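Note sheet for the following structure.
The values are calculated or read from the model by the stated rules, or taken from the named source; none is laboratory data. None of the values given here were measured: they were computed from a predicted structure. Reconstructed Cβ throughout: ideal geometry from the backbone, glycine too, with neighbour counts over all protein chains shown. Note: accessible area is taken over every heavy atom of the protein model, side chains too, but ligands, DNA and RNA are not part of it. Shrake-Rupley method; radii C 1.70, N 1.55, O 1.52, S 1.80 Å.
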Amino acid sequence: VPGARQRGGSCRCPGVQTWLPVLRWLPRYSLAWLQLDVMAGLSVGLTVVPQALAYAEVAGLPLQYGLYSSFMGCFVYCFLGTAKDVTLGPTAIMSLLVSSYAFHEPAYAILLAFLSGCIQLAMGLLHLGFLLDFISCPVIKGFTSAASITISFNQIKNILGLQGIPRQFFLQVYETLRRIGETRAGDAVLGLACLAALAGLRVMKSHLPRAAHEEPLAARVSYLIVWTSTTARNALVVLFAGLVAYSFQVMGSQPLTLTGSIPQGLPAFRLPAFSMDAPNGTVPFWSMVEDMGVGLAVVPLMGLLETVAIAKAFASQNNYRIDPNQELLAMGFANVLGSFVSSYPITGSFGRTAVNAQSGVCTPAGGLVTGALVLLSLAYLTSLFYYIPKAALAAVIISAVVPMFDAGIFRTLWRVKRLDLVPLCVTFLLCFWEVQYGIMAGVLVSGILLLYSIARPPVKVSEGDVLLVQPGSSLHFPAIECLRDAVCSHALAASPPRSVILDCCHISSIDYTVVVGLAELLQELRKRGLSLAFCSLQDPVLQVLLSADLEGFQHFPSREEAERCGGAELGDGRAAPFTCTSESSLLPA
């Protein structure tokens, strides 16, 4: 188990262990671990049930689909996951993406889960996890901060009890402000009370001291009760709101907007539908794929990004390691198998993972308990969900997503690197229009900034008897013209013109275009009676230049030796070609 003391009896099949991480910890499983895993699984289960209902509302799907999406990931990750703390299921971010790409149609959402899982499996098998590195931190922060605002405002209508509010953000803001006079007092009072209760319980938990083993039994029991209440605060608040709504129903008046009927029973295990019946005929598979468009790239990538980032964060915090490519496989299998039980795309949940870690979970087996609790809820408790007020679920969502807004990132980037504010602001602003446009534009701007830094590397030029030119990074084909211009402009503009030493200590790789450009630069300087020498070449770069057989190629082991061998003056005022009798500066055969 990651982070746990190892004992004997583990599986001796490293190949099988790589594909089935459960075999690394199962032979060493103990009763003490079981107790902690059960407690953690119950805590996460009490959190996920109300959140699943709320996130289905964000996704624009019937509420039961939130529960359908909440158990398969728990079971799959127990066998294939490498982080003991991570829990998979519906999240606010993924629900928002599903709302954008599934068009509030369950058939589209389920097919999106299946195809996303297939893409994630392919990425894991082909070791393509490095693609996630191209989504920069400013893009992620811009997206999550905008999502926090849009998701929160999307729930204001449920807090106020308004109906018929459009889902597009700007229209939503306009309609909500225009119709604020239609607010239902009961929903507003209950929603604000739930928000206050959730905020208070969150603050109480953050200030809760750890119970010491030497304290009396009564004190430890009291601590356990308070800790459970604050950890399962979502379930506690929803339960209280449901009791209030039921009391009004019994008295014959209902000032609250209720969730309504949710179908009871477990979802059928079957292949997702690859076509959909519509009023004007059947929508075929390829038309559904075309409708989802760029969502087939955004959804799997964002799901992987969220899961791997959470897994890395908690692995670092709890001192164990994860396998990113195995995480891709676990996510892929969870989404593919989840689509067989009518799940929409799932990913790692930061909030529920934090609950899992704080509950002292020892292995991924805690997910089995969480999944079983969701199945029990589907089988026996859906009739009780009828009385859950929509305002209470809205309060749960707002409480979960408000911490995602990172106001400090703007100040931090202004202090650290102001140019990174460009992709942050582009992503943040465009996500209010359409999520996909915000993410794509942010990645595009980040890519342009990255390419610009490659095409225009920093070049330090020092003047003396010879001109010392030092590129600040590796040279790739877009950068060679910039380097040639810098060398020629300084070498030829000097009076008298000077030979050049190219200090390559920061250059770890070059390509063919760079070799051609350097050859042309050597010829250009030689025509003017000047020399170009290389120093501090790293072995891979040296081998490439040697294999190119450049005419007039000279190399010195160090800058000092190149400067010592290259400053003799000719009668016409130009620097002579570099000459040195020291054997240490000779070019290797």
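Worth pointing out:
- Evaluation of Ser383 against (1) buried (at least 19 other Cβ atoms within 10 Å of the Cβ); (2) out of contact with any helix residue (DSSP H, G or I) (no Cβ under 9 Å at 6 or more places or on another chain) (one fails), failing number: (1)
- Thr282 meets each of the listed conditions (1) in a helix (DSSP H, G or I); (2) not assigned by the TED database to the domain that holds Leu208 apart from (1).
- Pairs meeting the criteria (first residue in region 263-290 and within 30 Å of Gly371 (Cβ to Cβ), second residue open to solvent by 100 Å² or more (accessible area, probe 1.4 Å), beta carbons under 9 Å, at least 6 apart or on different chains) are Gln264/Tyr380.
- Any chance Ala146 is assigned to a helix (DSSP H, G or I), hydrophobic (A, V, I, L, M, F, W, C) and touching a Phe, Trp or Tyr at 6+ places or on another chain (Cβ under 6 Å): yes
- Filter result (open to solvent by 60 Å² or more (accessible area, probe 1.4 Å), under 17 Å from Leu80 (Cα atoms) and part of a helix (DSSP H, G or I)) within region 120-143: Leu125
- Residues in region 493-521 that are outside any loop (DSSP other than H, G, I, E, B) and exposed (fewer than 15 other Cβ atoms within 10 Å of the Cβ): Ala493, Tyr512, Val516, Glu520.
- Take the conditions (1) under 30 Å from Lys390 (Cα atoms); (2) without any contact (Cβ under 8 Å) to a residue 24 or more places away in the chain; Ala232 misses just one of them, which is (2).
- Filter result for Arg270 (surrounded by fewer than 15 Cβ atoms within 10 Å (Cβ to Cβ) and under 22 Å from Cys362 (Cα atoms)): no
- Residue check for Thr347: among the hydroxyl-bearing types (Ser, Thr, Tyr), surrounded by fewer than 24 Cβ atoms within 10 Å (Cβ to Cβ) and in contact (Cβ under 8 Å) with a residue 40 or more places away in the chain: no
- Checked against the criterion of being in the same structural domain as Ala400 (by the TED database) and either more than 30 Å from Leu162 (Cα to Cα) or among the polar types (S, T, N, Q) (or both), the candidates Pro324, Pro345 yield just one match: Pro324.
- Flag for Ser275 being polar (S, T, N, Q) and surrounded by 14 or more Cβ atoms within 10 Å (Cβ to Cβ): yes
- All of (1) touching a strand residue (DSSP E or B) at 6+ places or on another chain (Cβ under 9 Å); (2) under 23 Å from Asp420 (Cα atoms); (3) surrounded by 15 or more Cβ atoms within 10 Å (Cβ to Cβ) hold for Pro478 with one exception: (1).
- Val426 being among the β-branched types (Val, Ile, Thr), over 21 Å from the mean Cα position of the chain (by Cα) and part of a helix (DSSP H, G or I): no
Each row is one residue, and each column tells you yes or no for (1) assigned by the TED database to the domain that holds Gln64; (2) open to solvent by 20 Å² or more (accessible area, probe 1.4 Å); (3) part of a helix (DSSP H, G or I).
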position: Val308; (1), (2), (3): yes, no, yes
position: Ala315; (1), (2), (3): yes, no, yes
position: Gly332; (1), (2), (3): yes, no, yes
position: Leu337; (1), (2), (3): yes, yes, yes
position: Asn356; (1), (2), (3): yes, no, yes
position: Pro364; (1), (2), (3): yes, no, no
position: Leu373; (1), (2), (3): yes, yes, yes
position: Ala395; (1), (2), (3): yes, no, yes
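- Among (1) within 26 Å of Gly438 (Cβ to Cβ); (2) in a helix (DSSP H, G or I); (3) not basic (Lys, Arg) - the single one Tyr344 does not satisfy: (2)
- Note on region 423-470: among residues that are touching a residue at least 24 places away in the same chain (Cβ under 8 Å) and of a type in the set (Phe, Trp, Tyr), the one that is surrounded by the fewest Cβ atoms within 10 Å (Cβ to Cβ) is Trp433.
- The one condition in (1) over 24 Å from the mean Cα position of the chain (by Cα); (2) hydroxyl-bearing (Ser, Thr, Tyr); (3) within 30 Å of Ser342 (Cβ to Cβ) that Ser116 fails to fulfil: (1)
- Positions within region 83-116 being crowded, with 24+ Cβ neighbours inside 10 Å and polar (S, T, N, Q), in sequence order: Thr87, Thr91, Ser95, Ser116
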